[in-house]
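First comes the structure, then the notes that go with it.
The values are calculated or read from the model by the stated rules, or taken from the named source; none is laboratory data. All values reported here derive from a predicted model rather than from experimental measurement. Here the Cβ positions follow ideal geometry from the backbone for every residue, glycine too, while neighbour counts run over all protein chains shown.
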Amino acid sequence: MSVDSFYRARSPAPPPRAPLAGRHEVHTCVVGGGFAGLNTALGLAERGGSDVMLLESHEIGHGASGRNGGFVFGGFSRGEAELLAELGPQRAQALYQGTVDAVELIRRRIRKYDIRCEATDAGVIWANWFRDPAVLKERQRLLAKNFGVEWQWLGREEMAHRIASDRYGEGLYEANALHFDPLAYARGLTEAATSQGVRVHESSPAISLDRDGSGWRVRTPAGEVHARHVVLACGGYLAGLRREVDAGVLPIATYVMVTEPLGPRLDEVLRTRAAIYDSRFAFDYYRPLPDTRLLWGGRISIFDRSADAVRRLLRRDLLRVFPQLHDLRIERAWSGLMSYARHQMPQVGKVEEGLWLAQAFGGHGVAPTTFAGEMLASAIAHGDPRWRELSDYGLVSALKPAGFAGAQLSYWWYQARDAWKDRWESR
Ligand SMILES: Cc1cc2nc3c(=O)[nH]c(=O)nc-3n(C[C@H](O)[C@H](O)[C@H](O)COP(=O)(O)OP(=O)(O)OC[C@H]3O[C@@H](n4cnc5c(N)ncnc54)[C@H](O)[C@@H]3O)c2cc1C
């Protein structure tokens, strides 16, 4: 399904950037116009490397980056406790800090390049779906002790004051977080990169990738580019250029919808401008938009669904939290693909000499793609080896097609477990 997101429908694409034609030579060719590719290209330009070309098969932000929930916060798809157990305190903290720094870099770029993306710097609330607050207490303690990150405790009364729903117990407030229109931000990054010399071509799918002396040759339907370095950043939309790269991720769908404007009713439902998600495995995520709409997302699936099906499913989810909004009209619903590795961490780094990769950001990718872009730009421009911090989580096979069944089964398993816990608590 390729339904226009709300972001795109309200703000159609700027004039298209011409497809690649003819033969070109550049220092670095980035394949993929999502946040991973854009952040790498802009990171290179900001380091003085303007001999960069970015190829996007559709238009900038066509993938997950231009259609996501717009939450900007630290961390990865993989949980902090797992990082700690797998990497030890120092390395886990260094990686987590990379994403916290990325949140700050996003703020700086919005200011520096004057990107009009409705950035709402009001934090994020993690709302407890269950009665037992132990999971929240443990996470708050772990983040403070090992990651130097303080999430503020919100008691039941405080939560009820901020969110008019009896679904939730306590909450944790992450102040260092924002939310924005991701498509407007992607377009802003593109402007920032092109104003510093990066060449961007839309409607330019890379269709082959071959060795070319000490560099690489990338072909598109009407052109070819010879580059010393190539960065593959194609997310869940799979470039189809290297078998082991595509085999490393599962494309998984998630869904989003936008309501009609609520007007003054918004304040009756939410007395916060923070974005909100809950503590289930298959959580709802939602946020108030400046024009008083609610943007609502949730679910993960290996199934792509029609806009009507997404609308039905998410509307049901919304009404479980806010039954008082039963008469609300849903204006648009859409889906997007995330790319997940088996280890739920990004795959970032060198595949072969001059061939780089940034994919598998999962459902938590806005800050991590920014972090990855910085690491890759610094590696390509200055030989910085920091990307090796992520090398424990490499290009392992996602075991397709069995991996799809496994992903859907574990989703259903966790969903059933959460439902059971919910029922048990309400006895
Ligand atoms: C619905 C949804 C909601 C989400 N919500 C959030 C959120 O609120 N916060 C958060 O942090 N993360 C969220 N995520 C995850 C986040 O959006 C992604 O992790 C991140 O955007 C991935 O960026 P990317 O550049 O790797 O991939 P994408 O943004 O998917 O970009 C890949 C691009 O590569 C292009 N491409 C593919 N093949 C080729 C080729 N051969 N040649 C040229 N171009 C090619 C595609 O057209 C696409 O534009 C969400 C994801 C989805 C789908």
task: Could you tell me which numbered condition A372 fails, if it satisfies all but one of (1) among the small types (G, A, S); (2) assigned to a loop (DSSP other than H, G, I, E, B); (3) at pLDDT 95 or above?
output: (2)
task: Name the one entry in N39, N68 that is part of a loop (DSSP other than H, G, I, E, B) and at pLDDT 95 or above.
output: N68
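Considering only the range 327-342, I want to know if a residue exists there that is in contact (Cβ under 8 Å) with a residue 40 or more places away in the chain, within 12 Å of the ligand (Cβ to nearest atom), assigned to a loop (DSSP other than H, G, I, E, B) and in contact with a Phe, Trp or Tyr (Cβ under 6 Å, 6 or more places away or on another chain).
no
On the given criteria, is A416 part of a helix (DSSP H, G or I) and modelled with pLDDT of 95 or more?
On the way: part of a helix (DSSP H, G or I): yes; modelled with pLDDT of 95 or more: no.
When the stated conditions are applied, A416 does not pass them.
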Whichever residue in the range 191-230 is of a type in the set (V, I, T), near the ligand (Cβ under 10 Å from one of its atoms) and surrounded by fewer than 22 Cβ atoms within 10 Å (Cβ to Cβ) and, among such residues, is farthest from L54 (Cα to Cα): I207
- request: Just one of (1) of a type outside the set (D, E, K, R); (2) modelled with pLDDT of 95 or more; (3) part of a loop (DSSP other than H, G, I, E, B); (4) surrounded by fewer than 24 Cβ atoms within 10 Å (Cβ to Cβ) trips up G49, so point out which.
  value: (2)
- prompt: Of the residues in the range 47-69, how many are more than 6 Å from the ligand (Cβ to nearest atom), over 29 Å from D384 (Cα atoms) and polar (S, T, N, Q)?
  reply: 0
- prompt: For residues in the range 224-270 being basic (K, R) and touching a strand residue (DSSP E or B) at 6+ places or on another chain (Cβ under 8 Å), which is farthest from P133 (Cα to Cα)?
  reply: R228
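For the condition closer than 30 Å to I300 by Cα and among the polar types (S, T, N, Q), what is the one hit in T259, T220?
T259
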- request: Filter the range 77-88 down to residues that are in contact with a His (Cβ under 6 Å, 6 or more places away or on another chain) and surrounded by 21 or more Cβ atoms within 10 Å (Cβ to Cβ), then give me how many there are.
  value: 0
All positions within the range 152-168 that are touching a residue at least 24 places away in the same chain (Cβ under 8 Å), assigned to a loop (DSSP other than H, G, I, E, B) and surrounded by fewer than 21 Cβ atoms within 10 Å (Cβ to Cβ): A164, S165, R167
query: Looking at (1) buried (at least 18 other Cβ atoms within 10 Å of the Cβ); (2) part of a loop (DSSP other than H, G, I, E, B), can you tell me which one L54 breaks?
result: (2)
query: Out of all the residues in the range 315-339, which are modelled with pLDDT under 95 and within 18 Å of R280 (Cβ to Cβ)?
result: M338
field: Qualifying residue in the range 150-172 (condition: within 16 Å of the ligand (Cβ to nearest atom) and touching a strand residue (DSSP E or B) at 6+ places or on another chain (Cβ under 9 Å))
entry: no
query: Can you tell which of Q93, Q97 is within 28 Å of E170 (Cβ to Cβ), buried (at least 18 other Cβ atoms within 10 Å of the Cβ) and at pLDDT 95 or above?
result: Q93
